């Protein structure tokens, strides 16, 4: 748990910036997430040692495309299908083909999964006919709480490794610490704001699982690149992709969860 205060303060600043942009306006969140998406994608390019700046333009297009365009609904459906296929493919790489070779195909699929994830963060922010930033705040805060307690419990009590060859510091003790913390925060938010009815328990259960997969997937990329962090822009945490790996993987599934409510 060395560098705790560095991690805490930089993580707090990051969380405050995200939260302020979420509650201030749609425009402010789009500005912040545009900046983070570009940095995260560039860090990802470095990890896989490929570069294709088409994806930087694509993510900005997806974030800023006006809702009233005729193609908007079709674009959303297409993005759901593409993102689902790409995230499943990347998950298969993680659990069954960890010795995959770098190729343009793997790079393209992984880039599409990252790029479309930022699109769904925008969709979550604009969920429903009435602008309600609480849906997106619940998404971010539950993942933050999960990651914080997974780190604290894992650092203190962790002994049983999850995938040691991919992420040596991830333990089952840490996972369940984050799991129960996430479940509690989702319950408290539901108790206060009644956003999900009885489905809060489904959300509280899937968020830690999705967060873990997103974290492990990024760890796989870093392990293949022989790098500890994707960048160094956030002291104590590494890069933006290091900080947003769980959020990036979970965005599509949280969006689908909201649509099914």
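Key figures for this structure:
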{"item": "Candidates 10, 34 - the one that is within 21 Å of residue 143 (Cα to Cα), within 16 Å of the chain's Cα centre (by Cα), in contact (Cβ under 8 Å) with a residue 24 or more places away in the chain and in a helix (DSSP H, G or I)", "result": "34"}
{"item": "From 187, 135, 191, residue being closer than 23 Å to residue 80 by Cβ, at pLDDT 90 or above and outside any loop (DSSP other than H, G, I, E, B)", "result": "135"}
{"item": "All positions within the stretch 128-143 that are within 22 Å of residue 230 (Cα to Cα) and crowded, with 22+ Cβ neighbours inside 10 Å", "result": "143"}
{"item": "Filter result for residue 149 (out of contact with any helix residue (DSSP H, G or I) (no Cβ under 6 Å at 6 or more places or on another chain), assigned to a helix (DSSP H, G or I) and within 29 Å of residue 194 (Cβ to Cβ))", "result": "no"}
{"item": "Qualifying residue in the stretch 221-241 (condition: surrounded by 23 or more Cβ atoms within 10 Å (Cβ to Cβ), in contact with a strand residue (DSSP E or B) (Cβ under 8 Å, 6 or more places away or on another chain), touching a residue at least 12 places away in the same chain (Cβ under 8 Å) and within 19 Å of residue 102 (Cα to Cα))", "result": "yes"}
{"item": "Any chance residue 3 is exposed (fewer than 13 other Cβ atoms within 10 Å of the Cβ) and touching a helix residue (DSSP H, G or I) at 6+ places or on another chain (Cβ under 8 Å)", "result": "no"}
{"item": "Any hit, the stretch 85-101, residues being surrounded by 15 or more Cβ atoms within 10 Å (Cβ to Cβ), within 26 Å of residue 171 (Cβ to Cβ) and touching a strand residue (DSSP E or B) at 6+ places or on another chain (Cβ under 7 Å)", "result": "no"}
{"item": "Criterion: surrounded by fewer than 21 Cβ atoms within 10 Å (Cβ to Cβ), out of contact with any strand residue (DSSP E or B) (no Cβ under 8 Å at 6 or more places or on another chain) and at pLDDT 95 or above - qualifying residue of 48, 60", "result": "60"}
{"item": "Checklist (1) more than 27 Å from residue 60 (Cβ to Cβ); (2) part of a helix (DSSP H, G or I); (3) out of contact with any strand residue (DSSP E or B) (no Cβ under 7 Å at 6 or more places or on another chain) applied to residue 116, failing item", "result": "(1)"}
{"item": "Residue match in the stretch 139-156 (condition: closer than 25 Å to residue 74 by Cα and either at pLDDT below 90 or out of contact with any strand residue (DSSP E or B) (no Cβ under 8 Å at 6 or more places or on another chain) (or both))", "result": "yes"}
{"item": "Qualifying residues in the stretch 157-175 (those that are under 19 Å from the mean Cα position of the chain (by Cα) and not in a loop (DSSP other than H, G, I, E, B)) - the one surrounded by the most Cβ atoms within 10 Å (Cβ to Cβ)", "result": "174"}
{"item": "Search result, residues across the stretch 178-204 that are closer than 15 Å to residue 147 by Cβ and touching a helix residue (DSSP H, G or I) at 6+ places or on another chain (Cβ under 6 Å)", "result": "178, 179, 181, 182, 183, 185, 186, 204"}
{"item": "First in the stretch 75-94 and free of Cβ contacts under 8 Å to residues at least 40 places away in the same chain, second anywhere and surrounded by 17 or more Cβ atoms within 10 Å (Cβ to Cβ), Cβ under 7 Å, 6 or more apart", "result": "82/112; 82/116; 86/109; 86/112; 86/113; 89/109"}
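Every residue, every condition in (1) over 17 Å from the mean Cα position of the chain (by Cα); (2) more than 19 Å from residue 125 (Cα to Cα), yes or no:
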{"position": "26", "(1), (2)": "yes, no"}
{"position": "30", "(1), (2)": "no, no"}
{"position": "49", "(1), (2)": "yes, yes"}
{"position": "52", "(1), (2)": "yes, yes"}
{"position": "56", "(1), (2)": "yes, yes"}
{"position": "61", "(1), (2)": "yes, no"}
{"position": "72", "(1), (2)": "yes, no"}
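The values are calculated or read from the model by the stated rules, or taken from the named source; none is laboratory data. Quantities reported herein were computed from a predicted structural model and do not represent experimental measurements. FYI the Cβ positions are ideal-geometry reconstructions off the backbone, even for glycines, and counts take in every protein chain you see.
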